[in-house]
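Below is one structure, written out as structure tokens, with a few remarks after it.
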Amino acid sequence: MAADADEASGPQTVAAGQLRAFIERIELVQEDIDALSDDRKEIFAECKAMGFDTKAVRTLVKLRKMDQAERQEAEAILELYKAALGMV
């Protein structure tokens, strides 16, 4: 019966080890993300200290992530909505 108990716990032990490895990797990545987030905050603080509008800078960063067609479409929709609201 001892062999049956070992066989039953074997897959659970392997699964627990794999799960622990995934959790530890996720925790390490989260630490990296947190550190990078802190770095980004410092960059925006420097930007603000130099007199730049950080809201505009954030918008520019977002726009630079888009390809040209996607950016033009977003700008066209924004212009359309502004016109509909009488803002232009």
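Going Cα to Cα from Lys48, which lysines come in below 18 Å? Please leave out same-chain ones fewer than 8 positions away. Reachable lysines: Lys62. Mind sorting out which of [x] 16.6; [y] 5.7; [z] 11.3 is the real mean projected area of the Cα convex hull in nm² computed from the coordinates? Identified label for the calculated read-out: [z].
Picking from Leu19, Leu63, Leu36, which is most flexible by a Gaussian network model of the chain using Cα springs under 10 Å? Fluctuation is largest for Leu19. What number comes out for the charge environment of Lys65, summing +1 per Lys or Arg and -1 per Asp or Glu over other residues with Cβ under 12 Å away? The answer is +2. Cross-link partners of Lys82 among aspartates and glutamates, defined as those whose alpha carbon lies under 19 angstrom from its own and excluding same-chain residues fewer than eight positions apart: Glu70, Glu73. Using just its DSSP H runs of length 4 or more, each adding -39500 (n - 2.57), the chain gives a mean residue ellipticity at 222 nm of -31000 deg cm²/dmol after division by all residues. Each other residue within a Cβ distance under 13 Å of Cys47 adds +1 if Lys or Arg and -1 if Asp or Glu, for a net charge of +1. Note on Ala74 and Arg58: their simple-model spin labels are 1.3 nm apart, each label 7 Å out from Cα toward Cβ.
Every read-out reported here was derived from the displayed coordinates using simple, explicitly stated rules and does not represent laboratory data. Small disclaimer: the values here were computed from a predicted structure and weren't measured. Methodologically, a virtual Cβ is constructed for each residue, glycine included, from the backbone with ideal geometry; neighbour enumeration extends over all protein chains shown.
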